[in-house]
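Note sheet for the following structure.
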Amino acid sequence: MHELGITRSVVAICAESSGGEAVKRVTLEIGKLSAILPDAVRFCFDICAKGTVVEGAALEILEIPGKALCTECGGEIELFDLVGKCNCGSRNLRIVAGEELKVKEIEV
């Protein structure tokens with residue numbers, strides 16, 4: 001479960017960014033194509049935050065849909081997997097959203 005290591009890193013980033021102040025809320029953006037399971041991050045968050053300034057903080061996760069641009073026609077499509085097919089029939093796609101993991105906001 002790589003989400004444990006990822007969540008540890010998120011908590012460390014939040015603790016460092018808070019300047020020692022207690023963190024009240026953390027908002028993450030997790031792309032649906034990122035291979036990171038939001039439920040696993042939620043499960044790990046309280047465990048990883050224990051004993052830090054992040055302990056007790058609310059965790060909000062925004063799931064970012066996968067999107068790609070077709071290199072043939074320029075159309076944009078929603079992706080549910082890392083592979084897809086444009087409405088024009090092309091499979092030449094450039095992923096533009098959905099692979100991210102970002103600490104969007106930290107409230108202290």
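The numbers here are math on the coordinates, done by the rules we state, and not lab data. All of these numbers come straight from a predicted model, not from anything done at the bench. Here the Cβ positions follow ideal geometry from the backbone for every residue, glycine too, while neighbour counts run over all protein chains shown.
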What residues qualify as long-range amide H neighbours of Leu28, i.e. H under 5 Å apart, gap of 5 or more or another chain, H built at 1.01 Å from N?
Glu60, Ile61, Leu62, Lys104
Which residues' amide hydrogens lie under 5 Å from the amide hydrogen of Lys67, considering only partners 5 or more residues apart or on another chain, with H built in the peptide plane?
Leu79, Val96, Ala97, Gly98
Counting other Cβ atoms within 10 Å of each Cβ, which chymotrypsin sites (Phe, Trp or Tyr not before Pro) in region 1-85 have at most 13 and sit in a DSSP loop?
Phe80
Can you work out D for region 3-107 in µm² s⁻¹ from Stokes-Einstein, where Rh is the Kirkwood radius over C-alpha pairs, the temperature is 25 °C and the viscosity is 0.890 mPa s?
164 µm²/s
Can you work out ³J(HN,Hα) from phi for every residue in region 71-85, in order, using Karplus 6.51 cos²θ - 1.76 cosθ + 1.60 and θ = phi - 60°, giving whole Hz and x for Gly and Pro?
7, 8, 10, x, x, 10, 10, 8, 10, 10, 9, 6, 10, x, 9
Förster radius 30 Å - calculated FRET efficiency between Leu37 and Asn87, Cβ distance, rounded to 0.05
0.50
